[in-house]
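J.: Can you keep this structure in mind? I'll have questions shortly.
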Amino acid sequence: MQHPGGPAVPEPVVPPLPDLHRLIREALAHLDDPAYLQTSALARRAPPEVARAGVGMGRALRGLLLEMIASLRPAAGAAPTSHAWRSYQLLTLRYVEGLGIPEVQVRLAIGHSEFYRDHRRAIAAMASLLQDRWGRPQNTATANDAPSHCSPGRAVPPPDPIRLPCPITSLIDRENDLLEIAQLLQRVRLLTLTGPGGIGKTRLAIATAHAASDHYPDGTWLIELAAVADPASVAFAIARGVGMREENDEIAAERLIRYLAARRALLILDGCERVVAECSQLITALLPRGEHLTILATSRELLNLPGEVVWPVRPLAVPGPERIKSALADPTEAIGQYAAVQLFSERARAARPDFTLTAQNARAVARICQELDGNPLAIELAAARIRLLTPDQIAARLAERFALLRAGWRGVPPRHRTLRASIDWSYDLLTEPERRLFRRLAVFTGGFTLAAVEGICTGDGIDHSTALDLLSRLIDKSLVSLSSADGDLARYDLLESIRAYAAERLDAAGEIRALRARHARWFSDLAETAEPALWGGEQVHWLRRLQDEEANLRAALGWCLAEDRATGLRLVSALWRFFWIRGRFREGREWLDHLLAYARKEQIDQAVIARALLGAGFLARDAGDLASAEALSEESRLIFASLDDRRGAAAAAFNLGLIARARGQGEQGAALITQALAQFRAIGHAWGIGEALYVLGTGARAAGDHAQARRHLEESLGAFRAAEDRWGQAWTLAGLGNLARLRGAFAEAAMRYAESMTLFRDTGDTWGLAWTIAYLGNLDRWRGDPHTALARYRTALAIFQQSGTRWGTAYCLCFAGVAAIQIGQTARGVALIAAADNCPMTATSLAPDERHDRTAGLAVARAVLGAEAFQQAWSHGQAMAPEAAACLALAGGD
């Protein structure tokens with residue numbers, strides 16, 4: 001066919017409807033590019049009367065598309081909020097004005113999924129108009145796709161290309177996931193969203209499909225497989241979901257493969273976990289023959305297929321305990337920014353429209369979200385209880401979460417109606433060995449390692465050699481998560497609600513007492529393995545290992561206190577140095593005091609008791625309880641001597657020397673420490689040598705003999721380096737920094753403090769770190785910067801308050817007071833120094849330069865305030881409890 005003056009024009013080939021949708025979208029995307037439109041696929045499909053535009057085809061096609069957009073403008077009487085108006089406005093803003101999708105959403109006040117839904121409707125309307133203009137296409141269905149009950153020649157209606165529900169509630173905090181998953185779907189053909197029940201896999205898959213549906217012109221379908229009772233019916237369920245009418249299950253799979261083979265489509269297989277094997281088999285057959293087919297699966301269990309890309313759906317962000325604790329008087333802004341809190345608030349308003357997040361309920365809401373692990377289903381169930389309970393009441397009842405979170409909704413799948421039903425669904429899919437291991441994992445708190453699983457959970461039906469495979473299968477089924485793969489050992493964990501469910505199952509199986517006992521013995525063995533390493537080259541490794549297991553260690557101690565005090569004393573006597581290095585004086589003493597009270601009444605190994613007494617003495621001394629520290633250390637020294645344990649006896653004598661020195665008994669203290677040093681040298685105990693030399697060095701500094709102090713400290717540093725004890729090195733470097741400051745070598749002092757802080761951070765010792773920060777404050781004062789000094793004292797004071805260190809608290813109060821006087825907060829400074837004097841160690845433990853700074857500061861204050869005002873400020877400070885004085889120091893202003 002030809003037209004005058006032009007080339008031959010082929011007969012028009014009008015594409016099928018899904019292709020027409022795609023061609024219109026592509027043409028609209030280049031609306032302002034006539035050169036592109038000139039040769040676009042839509043132009044090539046145009047009928048002769050349109051194609052005669054020749055070289056002006058691009059402009060003609062642009063004019064046609066604009067005319068079609070204009071023709072979609074609703075009649076004057078249409079409601080401004082109707083879909084017709086929105087579709088017309090969307091096309092106008094998007095293509096005529098050239099706005100981006102986010103700008104269109106803002107202009108029309110619509111969400112992501114609403115944009116794509118209305119966009120599809122508008123494109124479908126344009127395709128219908130274009131079909132009317134260019135002529136209806138013939139049906140393109142093949143005979144292979146015709147249902148068996150259709151008579152020959154009967155037209156087959158095209159399937160609905162979009163079969164996605166439109167959620168009635170908003171999707172919170174998944175914008176980044178939506179974008180990344182949609183982009184990932186353009187590169188991979190099998191993507192599985194995994195995660196535990198209620199985490200939001202289905203909602204995320206549906207939202208992703210809405211956002212990406214333009215890329216799948218031949219169909220986007222959601223196939224719900226959770227309700228498929230017969231695994232053999234999976235293919236039939238999918239065929240029915242995509243619009244095929246099939247009566248013979250036996251041939252459904254083959255017909256489905258042929259049906260989808262040539263389609264550019266997205267198939268969402270939702271809830272594959274009950275039919276994993278059948279889904280995997282069908283996908284293996286579908287993907288090689290469907291070149292343009294993409295499958296997005298949701299499953300609590302991995303499909304484990306070649307080419308499968310896994311996307312773990314994360315819980316919603318929740319505020320941590322420290323964030324909740326640190327929130328100010330009105331925490332609504334700080335806490336309300338977390339996605340889990342936003343979800344609770346939105347769903348609570350749906351249940352009770354007058355609900356708002358306030359300063360009074362924000363912390364309770366945060367605790368609810370934290371306890372429920374940011375799981376959207378659990379949070380929504382908790383929010384539904386707001387009809388009859390306050391957030392505080394809901395938070396208080398979460399110990400019985402399965403009874404509380406059972407007010408499910410009608411119209412949702414049974415597995416999503418209650419929290420218990422959600423986890424039941426996963427538990428029912430486990431094999432018996434998997435169930436046995438799963439419930440035993442409830443014995444752990446705060447995560448666990450493979451070694452702990454093999455040591456505690458095996459036996460009685462679980463062979464040691466199968467533990468790894470069983471744990472792997474529980475991870476694949478989203479009941480266990482890999483919480484950390486850093487460092488030497490991978491760690492695993494259960495979400496708290498899943499752990500509570502497993503604990504119920506463990507209790508029902510009658511295994512809980514035996515597992516608790518195994519747990520306590522295994523962690524006692526671990527602590528005893530770690531204890532000697534805390535004095536040498538493996539110190540940092542074992543400090544971190546014990547830190548990782550701190551929740552398990554506490555759980556074991558708590559169980560032992562009630563059920564097995566002998567094992568508990570073994571455990572805590574091995575842990576005291578860990579508590580000491582980490583500055584956990586209060587906590588360590590409480591465990592030791594409780595267990596020692598029972599130990600004296602029972603037949604327990606005397607060596608274990610001696611170690612526990614020694615540890616209790618060290619912790620009591622650094623907490624400022626000198627009387628208890630002396631009694632405990634003397635008792636331990638006598639037992640060590642009776643056992644001929646020279647190292648233990650030397651350590652006890654060393655602590656007695658420190659106690660004497662803290663009481664102002666300098667000569668007696670020096671004699672005991674010198675005696676301990678000789679004993680440590682005799683047995684070659686490098687840590688003891690380094691520690692005794694460090695204390696003798698600080699004593700020489702206090703006596704004004706800086707040269708001797710430097711010799712002792714440098715020898716101490718050498719001993720600690722020989723022992724590879726980073727913690728001891730940190731203290732010695734801080735001491736050398738103090739000597740450098742006294743010499744006026746401020747740069748050297750700053751360097752020594754920096755080295756010390758690095759080592760304290762390596763060992764996780766916040767207590768030692770706090771002392772070095774306080775020493776830096778002294779350096780700042782000597783450099784003439786009391787404002788920076790005051791900020792450092794406040795930082796250190798907060799750490800000392802947390803660890804319960806009376807002497808550290810008093811030290812910071814004293815010199816925060818000196819700095820406050822220097823910046824003009826005179827009355828405040830006097831009160832802080834007076835409050836510090838309430839600690840007896842203040843008078844005896846200050847070095848000469850520190851006593852001089854304190855005295856000079858008070859002299860300045862007396863001159864500024866006058867005698868009467870000075871005495872009032874002093875009396876005010878003397879009457880203060882330590883907590884009140886700390887609050888005064890931490891507060892700003894005068």
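J.: Does region 653-729 come out rounded, prolate or oblate, given a ≥ b ≥ c as the square roots of the eigenvalues of its C-alpha gyration tensor, rounded meaning a/c under 1.5 and, failing that, prolate meaning a/b above b/c?
T.: oblate
J.: Additional query: In what order, largest first, do Ile268, Ile604 sit by accessible area if the probe radius is 1.4 Å?
T.: From most accessible down to least: Ile604, Ile268.
J.: Here's another thing I want to ask about it. Which value, in nm² and rounded to one decimal, describes the direction-averaged projected area of the C-alpha convex hull of region 498-563?
T.: 5.0
J.: Once you charge only the Cβ atoms, +1 for Lys and Arg and -1 for Asp and Glu, what is the size of the charge dipole of region 739-783 about its Cα centre, to the nearest 20 debye?
T.: Here the size comes out at about 240 debye.
J.: If you don't mind, another one. Tell me, what is the 1.4 Å probe accessible area of His210, in Å² to the nearest 10?
T.: His210 exposes around 0 Å² with every protein chain in place.
J.: Can you give the net charge of the other residues whose Cβ lies under 13 Å from the Cβ of Ala122, counting K and R as +1 and D and E as -1?
T.: Residues near Ala122 contribute +4 overall.
J.: Still on this structure, I have one more. Please tell me the relative contact order of the chain in percent, rounded to the nearest whole number, where contacts are Cα pairs under 8 Å and at least six residues apart.
T.: 6
J.: What angle, in degrees between 0 and 90 and rounded to the nearest 10, separates the Cα long axis of helix 362-371 from the longest principal axis of the Cα atoms of the chain?
T.: Approximately 80 degrees, to the nearest ten.
J.: Does region 687-837 classify as rounded, prolate or oblate by the C-alpha gyration tensor (a ≥ b ≥ c root eigenvalues; a/c under 1.5 gives rounded; else a/b over b/c gives prolate, otherwise oblate)?
T.: Taking the square roots of the gyration eigenvalues as a ≥ b ≥ c, region 687-837 is prolate.
J.: Here is a further query. Quick query: amide H of Ala265 versus all other amide H atoms, modeled in the peptide plane; which residues come in under 5 Å with a sequence gap of 5 or more or a different chain?
T.: Hits under the 5 Å cutoff: Leu293, Thr294.
J.: For region 433-553, just the Cα atoms, rotate onto the principal axes and tell me the three extents in Å, largest first.
T.: 44, 28, 28
J.: What accessible area, in Å² to the nearest ten, does a 1.4 Å probe give for Met57?
T.: 10
J.: Using just the C-alpha positions of the chain as equal point scatterers, what log10 of I(q)/I(0) does the Debye formula give at each q in 0.09 1/Å?
T.: Values returned for q = 0.09 Å⁻¹ are -1.03.
J.: A further question follows. More than 22 Å apart: what percent of Cα pairs in region 532-657 qualify?
T.: Roughly 32 percent, once rounded to a whole number.
J.: Further question on the same structure: Taking the full set of protein chains and a 1.4 angstrom probe, give the accessible area of Ser128 in square angstrom, rounded to the nearest 10.
T.: About 50 Å², rounded to the nearest 10.
J.: Helix-only estimate, please: 222 nm mean residue ellipticity of the chain, summing -39500 (n - 2.57) across DSSP H runs of length 4 or more and dividing by its residues, to the nearest 500.
T.: For the chain, the value works out to -19500 deg cm²/dmol.
J.: Give me a comma-separated list of calculated 3J(HN,Hα) values for region 270-278, in order, Karplus coefficients 6.51, -1.76, 1.60 applied at θ = phi - 60°, integers in Hz, x for any Gly or Pro.
T.: 9, x, 7, 4, 7, 10, 4, 4, 5
J.: Which order do Glu715, Glu308 take when ranked by solvent-accessible area (1.4 Å probe, heavy atoms of all protein chains), largest first?
T.: The ranking, largest first, comes out as Glu715, Glu308.
J.: So if we plug the beta-carbon distance of Gln183 and Ala551 into 1/(1 + (r/R0)^6) with R0 = 45 Å, what FRET efficiency do we get, rounded to 0.05?
T.: Computed FRET efficiency for Gln183 and Ala551 comes out at 0.75.
J.: List the residues, sorted by chain then number, that are 5 or more residues from Ser484 or on another chain and whose placed amide H is less than 5 Å from its amide H.
T.: Arg491
J.: Accessible area, 1.4 Å probe, largest first: how do Asp645, Asp32, Asp765, Asp476 sort?
T.: Result of the area sort, largest leading: Asp32, Asp645, Asp476, Asp765.
J.: Separate question: Distances longer than 17 Å among the Cα atoms of region 604-658: what percent of all pairs is that?
T.: Percent of Cα pairs beyond 17 Å in region 604-658: 24.
J.: Assign one of three labels to region 714-800, namely rounded, prolate or oblate, based on the Cα gyration tensor with a ≥ b ≥ c the square roots of its eigenvalues; rounded applies when a/c is under 1.5, prolate when it is not and a/b is larger than b/c, and oblate otherwise.
T.: oblate
J.: Also: In sequence order, what are the phi-derived ³J(HN,Hα) couplings for region 786-791 according to the Karplus relation 6.51 cos²θ - 1.76 cosθ + 1.60 with θ = phi - 60°, rounded to whole Hz, with x for glycine and proline?
T.: Per residue, the Karplus-derived 3J(HN,Hα) values read x, 5, 5, 4, 4, 5 Hz.
J.: 5 Å is the cut-off here: which amide hydrogens, built 1.01 Å from N in the peptide plane, fall below it relative to Leu190, excluding neighbours closer than 5 in sequence?
T.: Amide H neighbours of Leu190, under 5 Å, 5+ apart: Ile295, Val309.
J.: Starting at the first residue of region 231-244, write each ³J(HN,Hα) from the Karplus equation 6.51 cos²θ - 1.76 cosθ + 1.60 with θ = phi - 60°, in whole Hz, x for Gly and Pro.
T.: Values per residue, Gly and Pro as x: x, 5, 9, 4, 4, 5, 5, 5, 4, 5, x, 8, x, 6 Hz.
J.: Taking K and R as +1 and D and E as -1, what net charge do the other residues with C-beta under 12 Å from the C-beta of Leu398 add up to?
T.: Summing Lys/Arg as +1 and Asp/Glu as -1 gives -1.
J.: Among residues other than Ala789 whose Cβ falls under 15 Å from its Cβ, what is the net charge (Lys/Arg +1, Asp/Glu -1)?
T.: Net local charge, Ala789 excluded: +2.
J.: Carbon and sulfur atoms: what percent of the 1.4 Å accessible area of the chain do they account for?
T.: Carbon plus sulfur share of accessible area: 52 percent.
J.: To the nearest 20 Debye, how big is the dipole of the chain about its Cα centre, given +1 on the beta carbon of each Lys and Arg and -1 on that of each Asp and Glu?
T.: Charge dipole of the chain: 1440 debye, to the nearest 20.
J.: Please report the antiparallel percentage of the DSSP beta bridges confined to the chain, to the nearest 5.
T.: That works out to approximately 20 percent antiparallel.
The values are calculated or read from the model by the stated rules, or taken from the named source; none is laboratory data. Source: prediction; values computed, not measured. Cβ sites come from the backbone with ideal geometry, for glycine too, and all protein chains shown count toward neighbours. Protein only, heavy atoms only, side chains kept; ligands, DNA and RNA dropped before computing areas. Shrake-Rupley method; radii C 1.70, N 1.55, O 1.52, S 1.80 Å.
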